[in-house]
Structures are given as structure tokens and as C-alpha cells.
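A.B. asks: Structure provided below as C-alpha cells; questions to follow.
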Amino acid sequence: MKNLKYISGILLVLIFSPALDGQSDEKIRAAFAESYKSELSGNYAVAVSEIRTVYQADNYSMNARLGWLLFLSKQYTESISYYEKAIKLKPNCIEARFGLIKDHNALENWGKVKEQYEAILNIDDQNTTSLYWLGVLLYNRKDYENAATNFEKIVNLYPMDYGSVIMLAWTKLYQGKKDEAKVFFNQALILSPNDASATSGLNQINQ
């Protein structure tokens with residue numbers, strides 16, 4: 001009889017658990033809905049508090065959402081902590097890493113920015129956003145060889161992407177590869193007629 005009662009108790013839990021989960025899901029959905037409304041009105045503190053009323057440490061969406069809202073609130077260090085929790089929950093996610101990059105950009109933690117772009121490229125080696133901005137970061141550091149590698153990957157995928165073409169042109173010029181640079185400056189002028197940057201680059205080559 002004791003075993004029967006025990007089994008009956010388990011069955012009751014199994015039968016009623018979906019209803020409890022449904023109630024919890026409803027509360028979570030409501031909290032997110034209110035959070036979105038508050039964000040749209042610029043009331044980020046309220047948007048954060050709505051999520052915190054249902055916060056679960058092992059929930060990716062909640063951590064990513066708090067990371068975003070705290071970034072908007074310019075609470076960068078706290079935002080980072082939530083994005084890092086989100087990444088631990090989903091190591092192959094990319095969106096939370098881009099959120100983390102925004103925080104580190106704001107704090108001018110360029111080493112951390114580079115680290116995250118590289119992590120994204122380890123997950124998705126053709127992620128053009130990471131390729132481009134990592135290329136820009138390397139270009140600004142005068143690491144032209146690695147910057148060129150990044151821009152070349154994008155141009156091979158998207159030959160008519162003006163931003164990558166013009167960056168590749170300047171990178172080639174600073175590598176001393178004037179003939180290659182000229183090709184890309186001319187391509188940039190096809191994509192953006194009378195482009196001032198491309199014209200300036202060609203003038204430097206022709207001096």
C-alpha cells in the first residue's frame with residue numbers, strides 16, 4: 001500500500017506539473033512583454049526590474065536580456081556579467097558575444113573586443129561583421145598583414161561591398177602593394193562614383 005501511495009503521488013506530480021509550468025511560462029512572457037514596453041519608452045530601470053522578478057540564473061534569454069538593458073543603462077560592468085553568464089549557458093552563441101563587444105567598446109577594452117571577435121570567428125569563420133571590425137581594429141594597430149586577410153575574406157564573399165573594398169585598398173597601400181591597392185581603389189570608384197577616399201588613395205599612388 002505504501003508503494004501504491006508513493007506511485008500515486010508521483011503520478012499526481014506528473015499530471016499537474018504541466019499546469020504549473022504553464023503558469024510559470026505565462027508569468028515569464030508577461031514580464032518580458034512589460035520589459036519591452038518599458039524599453040521602448042526609455043525606462044530601462046523598470047525594464048530591468050521586470051526581468052528580475054522572474055529571473056532564473058540558468059535561463060539564457062533572461063541573462064542576454066539583462067545584458068542588453070544594462071548596456072542601454074550604461075551599466076557596462078554589470079551588463080558584462082550577464083552576457084558572460086549567457087555565453088556560459090550557450091558557448092556557441094554569437095549574439096551575446098556581440099553584446100559583450102558593445103560593453104567592451106564603451107569601456108575601451110580593445111583587447112577584450114579583439115578576443116570576442118576572434119571567438120565569434122572560431123564559431124563562424126565567415127561572419128562578415130566580425131571579419132570587418134576585427135580588420136578595422138588590426139588596421140588601426142597597423143597590423144596590415146592580418147587586417148588584409150580579414151578584408152580579403154569579405155571581398156571574396158561580397159565583391160561589391162564598398163566598405164570592405166575601400167579598407168582593403170588602403171590596407172594594400174600601407175603594405176606597399178601599390179598595384180593591388182590601385183585595383184581596389186578603382187573598384188571602390190565603381191561602387192561609389194567620385195568617392196573621396198578612393199580618389200585620395202589613387203592620388204597618393206600616382207604622385
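A.B. asks: What net charge is computed for the residues neighbouring LEU131, neighbours being all others with C-beta under 11 Å from the C-beta of LEU131, Lys and Arg scored +1, Asp and Glu -1?
C.D. replies: Taking every Cβ under 11 Å from that of LEU131, the sum is -4.
A.B. asks: Any idea what Rg and Dmax come out to for the chain if you just take the C-alpha atoms, in Å?
C.D. replies: Computed over the Cα atoms of the chain, radius of gyration and Dmax are 25.1, 99 Å.
A.B. asks: If I compute solvent accessible area with a 1.4 Å probe over the protein chains, what percent of it on segment 138-203 is carbon and sulfur?
C.D. replies: Carbon and sulfur together cover 50 percent of it.
A.B. asks: Can you give me the angle between helix 76-89 and the longest principal axis of the chain, using Cα atoms only, in degrees from 0 to 90, rounded to the nearest 10?
C.D. replies: With rounding to tens, the tilt is 70 degrees.
A.B. asks: Could you estimate the translational diffusion coefficient of segment 37-141 from the Stokes-Einstein equation, with Rh from the Kirkwood formula over C-alpha pairs, at 25 °C and 0.890 mPa s, in whole µm²/s?
C.D. replies: Taking Rh from Cα pairs, D becomes 173 µm²/s.
A.B. asks: Give the relative contact order (percent, whole number) for the chain; include only Cα pairs under 8 Å separated by 6+ residues.
C.D. replies: 9 percent
A.B. asks: Mean 1/r over all different Cα pairs, inverted: what Kirkwood radius does segment 135-184 give, in Å?
C.D. replies: Computed over segment 135-184, the radius equals 10.3 Å.
A.B. asks: May I pose another question? Would you mind telling me the share, in percent, of accessible area of segment 34-132 contributed by carbon and sulfur at probe 1.4 angstrom?
C.D. replies: Carbon and sulfur together cover 47 percent of it.
A.B. asks: Then there is this: Can you give the charge dipole size of the chain about its Cα centre, rounded to the nearest 20 debye, using +1 on the beta carbon of Lys and Arg and -1 on the beta carbon of Asp and Glu?
C.D. replies: 380 debye
A.B. asks: Are there trypsin sites (Lys or Arg not before Pro) in segment 31-108 that DSSP marks as loop and that have at most 15 other Cβ atoms within 10 Å, and which are they?
C.D. replies: Qualifying residues, ordered by number: LYS74.
A.B. asks: Ok, one more. In a shell of Cβ-Cβ distance under 15 Å around SER73, excluding SER73 itself, what net charge do Lys and Arg (+1) and Asp and Glu (-1) give?
C.D. replies: 0
A.B. asks: Taking the dipole about the Cα centre of the chain, with the C-beta of Lys and Arg at +1 and of Asp and Glu at -1, give me whichever of ALA169, ILE123, ALA147 is farthest to the positive side.
C.D. replies: Comparing the listed Cα positions along the dipole, ILE123 ranks first.
A.B. asks: Also, quick follow-up: Find which of TYR55, GLN75, LEU191 sits farthest along the positive direction of the dipole of the chain, computed with +1 on the beta-carbon of Lys and Arg, -1 on that of Asp and Glu, about the Cα centre.
C.D. replies: It is TYR55, whose Cα lies furthest towards the positive end.
A.B. asks: Please build a GNM for the chain, connecting alpha carbons under 10 Å apart, and tell me which residue among SER130, SER24, SER79 fluctuates the most.
C.D. replies: SER24
A.B. asks: Moving on to the next point. Rounded to the nearest 500, what is the chain's calculated 222 nm mean residue ellipticity when only DSSP H runs of at least 4 contribute -39500 (n - 2.57) each, over all residues?
C.D. replies: Roughly -26500 deg cm²/dmol at 222 nm, from the helical runs in the chain.
The values are calculated or read from the model by the stated rules, or taken from the named source; none is laboratory data. Just so you know, these numbers come straight off a predicted model, no measurement behind them. FYI the Cβ positions are ideal-geometry reconstructions off the backbone, even for glycines, and counts take in every protein chain you see. Surface areas here come from the heavy atoms of the whole protein model, side chains and all, with no ligands, DNA or RNA. Shrake-Rupley method; radii C 1.70, N 1.55, O 1.52, S 1.80 Å.
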